[in-house]
Amino acid sequence: MSSSTSCSSVALPQAARGRRGRSLRAAAFALLVAATLWITGELLESLAMSLDFDLLKVREMMSLQGETNDILYLGDSTTLDAVNPAVVDEILGTRSYNCASGQQRLSASEMILRHYLKNNARPRLIVYGLFVNSPRGGSHVNLAVYESLGPDLRRLYCQRMLEQRGNPVTWSDAAINSIKAYRYRDAIAYGIKYLIMGEKRRPKFVQGHLAIEMSRSIGSEAAREVLAEPPGIGGLLQYCADQRLPLLIFEPPNTPGYSADTKGRGEVLAYLQAGVRQDPLVAFRSFNDEGSLPYASDEWYVLNHLNAKGAIRFTREQLVPYIREFFNAGGDSGRQ
């Protein structure tokens, strides 16, 4: 009996020590994982802040305070690359800034404009570059833009996304993106491209315009279908009307032949033209297909994206005359 009791009294502390040891090892492993994720996240964020075009651009434009610009440009990456405000200002004697960013949907453009007007002087003119060939169905909130907004605009942004069958920010989105190693994972690809391309891959902004010095041979892409009424365009039109802000809409140049593979394109153009007819202080013009300049291969960066050389030519030869014509017609005087 005494032997059995003695064995039990020894076995129990050993079992407890075993459980405690496993707990300590599990805690140490969890701590190691957390430390690894934190260090990796910090390194990836630092890399992204050096090489991620979109992240840098959003942070720059959303931090503008007390600026006075005559013209504000909005749109996605095709406008970010194509519109050089310095060229416009040199010719027209204006001051302007390019607020376009990568994959900037119309709902994001409205929020960016609302945010800008809260923090800066009212511009004379809004110029919006609409990439007609992009499917404008449901999409995700731009998290970098979302986080730069105040609480009221965050709620409105999510509301717009719901109205357009998009995906608003949820608690799970916020939670997973709080892990920097996950959020900035694309920085690995940016780093690899930088190692291959060198300093040409580092972002260079000119008044918000992304000036890309590289040129590449342009490939093709599969056919696509667009919606007759781009979700969000009505919201942007209405907001500009409410604020009495003149609005010029344009379609940036596309790679030759690209638009021919877009189903529903004619309906989109007809919708835009009908919307323009309802308001003399809104205009639309396409610089695509027959309205495009014959850009050379060394003026393109990638599919539908002009490089710095092509952007200077587009801005000087097509966008400046469009803006000048609008100003000369008194288009910026009716909403002051």
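The values are calculated or read from the model by the stated rules, or taken from the named source; none is laboratory data. Values in this document were obtained by computation on a predicted structure and should not be read as measured data. Cβ atoms come from the backbone with ideal geometry, glycine included; neighbour counts cover every protein chain shown.
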Could you list, in sequence order, all residues of region 19-56 that are in contact (Cβ under 8 Å) with a residue 60 or more places away in the chain, aliphatic (A, V, I, L, M) and surrounded by fewer than 17 Cβ atoms within 10 Å (Cβ to Cβ)? L37
Residues in region 93-111: is at least one surrounded by fewer than 24 Cβ atoms within 10 Å (Cβ to Cβ), of a type in the set (V, I, T) and out of contact with any Pro (no Cβ under 9 Å at 6 or more places or on another chain)? no
For the condition in contact with a Leu (Cβ under 8 Å, 6 or more places away or on another chain), over 24 Å from I312 (Cα atoms) and either modelled with pLDDT under 90 or outside any helix (DSSP H, G or I) (or both), what is the one hit in A26, A48? A48
Checking the conditions here, which among G41, G18 is under 30 Å from Q104 (Cβ atoms), of a type in the set (G, A, S) and part of a helix (DSSP H, G or I)? G41
Taking region 84-107 and keeping residues more than 9 Å from the chain's Cα centre (by Cα) and farther than 15 Å from F205 by Cα leaves V88, D89, E90, I91, L92, G93, T94, R95, L106, S107
As an exercise: evaluate L55 against (1) at pLDDT 95 or above; (2) out of contact with any Lys or Arg (no Cβ under 7 Å at 6 or more places or on another chain); (3) among the hydrophobic types (A, V, I, L, M, F, W, C) and give the number of the one condition it does not meet. (1)
C240 vs (1) within 23 Å of N69 (Cβ to Cβ); (2) without any contact (Cβ under 8 Å) to a residue 60 or more places away in the chain; (3) out of contact with any helix residue (DSSP H, G or I) (no Cβ under 7 Å at 6 or more places or on another chain): all pass except (2)
When you scan region 302-314, how many residues do you find that are over 14 Å from P256 (Cα atoms), in contact (Cβ under 8 Å) with a residue 24 or more places away in the chain and surrounded by fewer than 22 Cβ atoms within 10 Å (Cβ to Cβ)? 3
Taking only pairs six or more apart or across chains, which ones have beta-carbon atoms under 8 Å, a first residue in region 139-151 that is free of Cβ contacts under 8 Å to residues at least 60 places away in the same chain and more than 16 Å from G75 (Cα to Cα), and a second residue that is among the hydroxyl-bearing types (S, T, Y) and assigned to a loop (DSSP other than H, G, I, E, B)? none
Which one of the conditions (1) touching a Pro at 6+ places or on another chain (Cβ under 7 Å); (2) at pLDDT below 80 does E221 fail to meet, given that it meets all the rest? (1)
Just checking, does region 310-327 include any residue being touching a helix residue (DSSP H, G or I) at 6+ places or on another chain (Cβ under 8 Å), of a type in the set (D, E, K, R) and closer than 25 Å to E110 by Cβ? no
Tell me whether region 162-171 contains one or more residues that are of a type in the set (F, W, Y) and surrounded by 15 or more Cβ atoms within 10 Å (Cβ to Cβ). no
So Y146 ticks every box in (1) buried (at least 17 other Cβ atoms within 10 Å of the Cβ); (2) under 30 Å from E221 (Cα atoms) but one. Which box is left unticked? (2)
For region 269-287, check the following and say yes or no: at least one residue is closer than 21 Å to S77 by Cβ, within 21 Å of the chain's Cα centre (by Cα), modelled with pLDDT under 95 and crowded, with 18+ Cβ neighbours inside 10 Å. no
In region 223-242, residues that are surrounded by 15 or more Cβ atoms within 10 Å (Cβ to Cβ) and more than 20 Å from R265 (Cβ to Cβ) total 4
Matching residues in region 101-126 (in contact with a helix residue (DSSP H, G or I) (Cβ under 8 Å, 6 or more places away or on another chain), at pLDDT 95 or above, closer than 23 Å to E163 by Cβ and among the aliphatic types (A, V, I, L, M)) number 4
Considering only residues that are of a type outside the set (D, E, K, R) and surrounded by 14 or more Cβ atoms within 10 Å (Cβ to Cβ), which ones fall in region 149-161? L149, L153, L156, Y157, C158, M161
